[in-house]
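Okay, so here's the structure we're looking at.
The values are calculated or read from the model by the stated rules, or taken from the named source; none is laboratory data. Note that the coordinates shown come from a computational prediction; the quantities given were computed from them, not determined experimentally. Cβ sites come from the backbone with ideal geometry, for glycine too, and all protein chains shown count toward neighbours.
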Amino acid sequence: MNRVGNQPIDNAAAELLVRGHRRIKHANGAQVTIEPPAVFMGSFQFDSPTRVGAFTYFHDGSAVQMESIGRYCSIADQVSIGDYEHPVEWLSSNPFQYNDRRFSFHPAGRMTRVPEEECDFRGIAPVIGNDVWLGARVQVLRGVTIGDGAIAAAGAVVTRDVPPYAIVGGVPAKIIRYRFDDATIERLLRVRWWRFSPAQLEGVPTTDVQAALDEIERRIDAGMEPYEPEPITLPVPRPPVPAAAAPGVVRRIRRTIRPRTRLRRLMGGRTKD
Ligand SMILES: CC(C)(COP(=O)(O)OP(=O)(O)OC[C@H]1O[C@@H](n2cnc3c(N)ncnc32)[C@H](O)[C@@H]1OP(=O)(O)O)[C@@H](O)C(=O)NCCC(=O)NCCS
């Protein structure tokens, strides 16, 4: 059921809050709690519950596990976050040992599986901060935290935590450089400009980071309050057809079919459809 706060809303209303929300794939029914507005430009799959900050957008990709992603993030094509891990130090890395479903369709594939509590290889869901840009084909592995303002260059495989405002690249990803000097990074992390909406940042000189921070600080001192929208919880509901409603449905189908049947009789044969 789509919900804003505790209020259920329909797909059309949800589209005004999360553009492209029907492109989200909720594997295992994973619930995603999103601060509006956010945008899904391609098909993005979530396999576990997560939280998404406002003004973040996604192209095609997946987050098998992700605790949360902040505001103002840019997620390029074919990004993979928190994909499945396999055991590295067991007899085999193959799931026959712990996944009941993988091969048990065949009698030769059946075995008593290792219980879930012994599957210590699964790792921790990544956490992604605010204003993070993940370039095309970036892979973020389990257990990683990506700091506010960080960038992962195209094709990076991020295996370790990324400090705020670092640009990392390569396989495994290493720090290429920082976006700003230490004092500016410290100031950005103190001001946390992403608490505010673009509408509130109207007129801020964003192309000059020091001047932008001066202006944002001035507005905060003048009483600018953080943007705190009511989050929306997806997925889209698939309304169950109650058994009692079935005859009505059948009647409606008959009403659509009957005129054609009558027409067919009048024409003495099949209609073109
Ligand atoms: C990382 C990036 C943001 C550029 O950052 P930058 O700091 O301006 O980087 P520069 O071009 O100055 O290059 C700095 C160094 O990083 C290296 N580098 C740049 N991109 C890299 C990448 N994808 N992987 C590995 N190293 C990379 C450069 O070779 C250079 O290395 P050198 O100093 O040894 O010569 C850009 O290269 C990138 O990857 N953009 C992502 C594009 C994308 O995926 N868009 C999707 C649409 S949302």
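Numbers at a glance
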{"item": "Any hit, the range 37-48, residues being closer than 30 Å to residue 199 by Cα, part of a loop (DSSP other than H, G, I, E, B) and out of contact with any His (no Cβ under 7 Å at 6 or more places or on another chain)", "result": "yes"}
{"item": "Enumeration of residues in the range 37-63 that are closer than 13 Å to residue 24 by Cβ, hydrophobic (A, V, I, L, M, F, W, C) and away from the ligand (no atom under 12 Å from the Cβ)", "result": "38, 39, 40, 44, 46, 52, 63"}
{"item": "Failed item, numbered, when residue 33 is tested on (1) closer than 22 Å to residue 196 by Cα; (2) not in a strand (DSSP E or B)", "result": "(2)"}
{"item": "Yes/no for residue 236 being surrounded by 12 or more Cβ atoms within 10 Å (Cβ to Cβ), modelled with pLDDT of 95 or more and not acidic (Asp, Glu)", "result": "no"}
{"item": "The range 135-183: number of residues that are touching a residue at least 12 places away in the same chain (Cβ under 8 Å) and basic (Lys, Arg)", "result": "4"}
{"item": "Test: residue in the range 116-130 that is more than 16 Å from the ligand (Cβ to nearest atom), farther than 19 Å from residue 65 by Cβ and either of a type outside the set (D, E, K, R) or touching a residue at least 40 places away in the same chain (Cβ under 8 Å) (or both)", "result": "yes"}
{"item": "Filtered residues of the range 62-97 (kept if hydroxyl-bearing (Ser, Thr, Tyr) and surrounded by fewer than 19 Cβ atoms within 10 Å (Cβ to Cβ))", "result": "68, 74, 80, 84, 92, 93"}
{"item": "Hey, residue 7 without any contact (Cβ under 8 Å) to a residue 24 or more places away in the chain and over 28 Å from residue 189 (Cα atoms) or not", "result": "yes"}
{"item": "Count of the range 131-159 residues which are among the aliphatic types (A, V, I, L, M), within 16 Å of the ligand (Cβ to nearest atom) and assigned to a loop (DSSP other than H, G, I, E, B)", "result": "7"}
{"item": "Condition broken by residue 42, with the remaining ones in (1) at pLDDT 95 or above; (2) crowded, with 17+ Cβ neighbours inside 10 Å; (3) not hydroxyl-bearing (Ser, Thr, Tyr) satisfied", "result": "(2)"}
{"item": "Neighbours by Cβ (under 6 Å, 6+ apart or cross-chain): first from the range 64-82, farther than 16 Å from residue 149 by Cα; second among the aromatic types (Phe, Trp, Tyr)", "result": "64/84"}
{"item": "Residue, nearest to residue 232 (Cα to Cα), within the range 64-111, restricted to residues that are within 16 Å of the ligand (Cβ to nearest atom) and among the hydrophobic types (A, V, I, L, M, F, W, C)", "result": "69"}
{"item": "Pick from the range 108-126, criterion in contact with a helix residue (DSSP H, G or I) (Cβ under 7 Å, 6 or more places away or on another chain) and assigned to a loop (DSSP other than H, G, I, E, B), ranking: farthest from residue 145 (Cα to Cα)", "result": "111"}
